[in-house]
Amino acid sequence: MPQQFIEPNRYEFVESLMLERNGLLDSFSVEGRASDGANGDKNGIILVQNNQIFITPPLPGGAPARISAIHPVILKINWKTVTEPTEVTKADYITWEICEKPQYQITVSPDKLKVYFTLYRAEKYAWNLVNCPAAFEAVVRAQPNPAVLLSTLTIEQIIASLDNRFILRNLNIPALYAELENPTYLPVCIAEGRAPQPGKASRLELLLPEHTLQGNGMLQGCSAKEPRDTLEYLRFPGAPFALEGEVFARKLPPEEGIPGFDTDGRVLPPPPPQDIYVAAGDHARLLPCGDIVAMHTGRPRICGGTGSVRRCDFPAVRVLTREMAGAAGELLFAGDLIVTEDIEGPLRIEALGNVYVYGSVCQSTIVATGSIYISGQATGCCLYAGHPGVQQHRLHCLSSLLLTETDGLREAARQLAKNVESRQQSVKYGLVVMLLIEDKYSHIAGLISDLQAALSSMNGEFGPGTDQLLHLLEVFVHPGSFTEMITDSVLGSFSRLLRKLGEDIELLQEEHVIINLARSQGSLLESGGELLLRESCQGNS
């Protein structure tokens, strides 16, 4: 809770005047005496007059008078605070006091970095009890007396109430003075600490040597000069490319932040910067100095996203001609895909890496967990690179959908088996699953077939752990043949494998992503990193 420094404003008036019936009360009209049945004129009486409380005891057969108070009056009888109507007698000792809201309040923000001053009122007035006629029951009230100004709040009083040396040393006196002169009655910051400045997390810096900027000279469509080998297609101008023995990336160490201090002057340490672990593949090596060297010539990629592990490797490469691409209709590849000519759609290309097109693309969809490079124009296309590419990739979409449906199937099978067993009947769990798949979850078969086809089109190039997943996909596409095998544990394993497949695709999201093309017309471009249109664009979204 915020610390509070409150200047109290309290007056205490003590009266203990027990008068006999022939005393002061006799000078007042008895019309105020409350009637309480036959004995009403014998009850005790209370009179509040001129800031005094007068009490007369009851006559024989009568009841003692009753007294209570309304805030800000604090009424005490025999040094105990009265919270409800209470009887008073001649022997009771009565005191009252005013406990009003403070003139100001000083609070500290929850993060202890700022101190606020809130003014409620600058003037302090005397309080008077409200006169009330003689009565059997009296409620003591009070109101401020605007004619009696006791004091006006000053900066000196405020400073004197502060016992925090840090606040005193850093006090913003002009702000305090301005609030007293022209009150806003809103919190005003009068002292500040300093938040710690976070450092920089460790990161991998991708290096682009001069030869990567120049590229392979085939930027304008298909060059008459044929490339010497497949790797030449990867040397798209500005795209990462490393020669054997060349440093292609550097791990930058984490940098410590700058400490701060709170409103008590205590040091606030900065959060520790995150370090990363670099997992170099077979064709990369991390040197003690932080440099990462290519062990062969090719396109290096850095994956890992926002986690603490970065993976450096050289993906597989596949080259396609226009005829090969057009005949396929749909292409999935676990690495970099290269199309050496124009693409006339409709065609869908999905790569767990980069996509290079030496030509123009029309009415097609390109999905890449890395970057997309097109030497010509994209017309009526959908291009997804980096994070959008991960979300749009068929393996990621199908595994996510099937995981959701499998979890629902598992819960439904548990509930159905439980209902059957509650009727003292036995049931085979595999049979329950089969019935659900044939009825309520009949759509699962289509998702399984689509995922089988997508994995098969990868030709076993993605993930050695997909063999077990392919086996379970076959089990659940023909559940009637495996009712003895299907158990709740098997469904759980199926869910875990589907989740792992989706996570494996997410881990292939590359850090330095770009969509690089000459022009775009009527196309949807989504990049998890940069977007470069080398010439004028029309109708992009």
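In summary, R348 fulfils each of the numbered conditions (1) closer than 29 Å to A284 by Cα; (2) modelled with pLDDT under 95; (3) touching a Leu at 6+ places or on another chain (Cβ under 9 Å) with the single exception of condition (1). Being more than 30 Å from T56 (Cβ to Cβ) and of a type in the set (D, E) is the filter here, so list the residues in region 127-184 that pass it. E156, D163, E179, E181 - these are the residues of region 127-184 that are more than 30 Å from T56 (Cβ to Cβ) and of a type in the set (D, E).
Taken together, D450, D488, D467, D439 contain a single residue that is in contact (Cβ under 8 Å) with a residue 60 or more places away in the chain and surrounded by fewer than 17 Cβ atoms within 10 Å (Cβ to Cβ), which is D488. With respect to the conditions (1) in contact (Cβ under 8 Å) with a residue 12 or more places away in the chain; (2) within 38 Å of the chain's Cα centre (by Cα), T404 falls short on a single one, namely (1). Here the condition is being open to solvent by 20 Å² or more (accessible area, probe 1.4 Å), out of contact with any Leu (no Cβ under 6 Å at 6 or more places or on another chain) and part of a strand (DSSP E or B); of I74, I98, I67, it holds for I74 alone. Out of S202, S161, one residue alone is under 30 Å from A279 (Cβ atoms), hydroxyl-bearing (S, T, Y) and either open to solvent by less than 20 Å² (accessible area, probe 1.4 Å) or at pLDDT below 90 (or both). It is S202.
When restricted to residues that are modelled with pLDDT of 90 or more and of a type outside the set (D, E), region 164-185 contains 12.
Would you be able to say whether some residue in region 386-405 is of a type outside the set (V, I, T), open to solvent by 30 Å² or more (accessible area, probe 1.4 Å) and not in a helix (DSSP H, G or I)? For region 386-405, residues of a type outside the set (V, I, T), open to solvent by 30 Å² or more (accessible area, probe 1.4 Å) and not in a helix (DSSP H, G or I): absent. With the structure loaded, tell me whether R299 is within 25 Å of L213 (Cβ to Cβ), touching a residue at least 40 places away in the same chain (Cβ under 8 Å) and open to solvent by less than 40 Å² (accessible area, probe 1.4 Å) or whether it fails that test. When the stated conditions are applied, R299 passes them. In summary, E530 fulfils each of the numbered conditions (1) in contact with a Leu (Cβ under 9 Å, 6 or more places away or on another chain); (2) open to solvent by 40 Å² or more (accessible area, probe 1.4 Å); (3) at pLDDT 90 or above with the single exception of condition (1). Between V427, V420, the distinction of being open to solvent by less than 60 Å² (accessible area, probe 1.4 Å) and outside any helix (DSSP H, G or I) belongs to V427 only. If you go through region 483-531 and keep only what is under 19 Å from I444 (Cβ atoms) and part of a loop (DSSP other than H, G, I, E, B), you end up with T483, M485, I486, T487. Taken over region 268-285, residues that are part of a strand (DSSP E or B) and open to solvent by less than 70 Å² (accessible area, probe 1.4 Å) amount to 5. None of E510, E503, E535, E461 is at pLDDT 90 or above and open to solvent by 80 Å² or more (accessible area, probe 1.4 Å) except E503. When the helices (runs of 4 or more DSSP H) confined to region 112-226 are screened for residues that are in contact with a Pro (Cβ under 7 Å, 6 or more places away or on another chain), those reaching at least 3 such residues are found at 210-214. Could you say whether any residue in region 103-116 is in contact with an Asp or Glu (Cβ under 9 Å, 6 or more places away or on another chain), closer than 30 Å to I77 by Cα and modelled with pLDDT of 90 or more? The answer is yes, given that some residue of region 103-116 is in contact with an Asp or Glu (Cβ under 9 Å, 6 or more places away or on another chain), closer than 30 Å to I77 by Cα and modelled with pLDDT of 90 or more.
Across region 354-385, what is the number of residues that are crowded, with 24+ Cβ neighbours inside 10 Å and within 37 Å of the chain's Cα centre (by Cα)? Matching residues across region 354-385 total 14. Screening G307, G345 for residues that are part of a strand (DSSP E or B), open to solvent by 10 Å² or more (accessible area, probe 1.4 Å) and not basic (K, R) leaves exactly one candidate, G345. When you scan region 241-250, do you find a residue that is on the phi > 0 side of the Ramachandran plot and modelled with pLDDT of 90 or more, even just one? Looking through region 241-250, at least one residue is on the phi > 0 side of the Ramachandran plot and modelled with pLDDT of 90 or more.
The values are calculated or read from the model by the stated rules, or taken from the named source; none is laboratory data. None of the values given here were measured: they were computed from a predicted structure. Methodologically, a virtual Cβ is constructed for each residue, glycine included, from the backbone with ideal geometry; neighbour enumeration extends over all protein chains shown. Heads up: the accessible areas ignore ligands, DNA and RNA and are worked out on the full protein's heavy atoms, side chains in. Shrake-Rupley method; radii C 1.70, N 1.55, O 1.52, S 1.80 Å.
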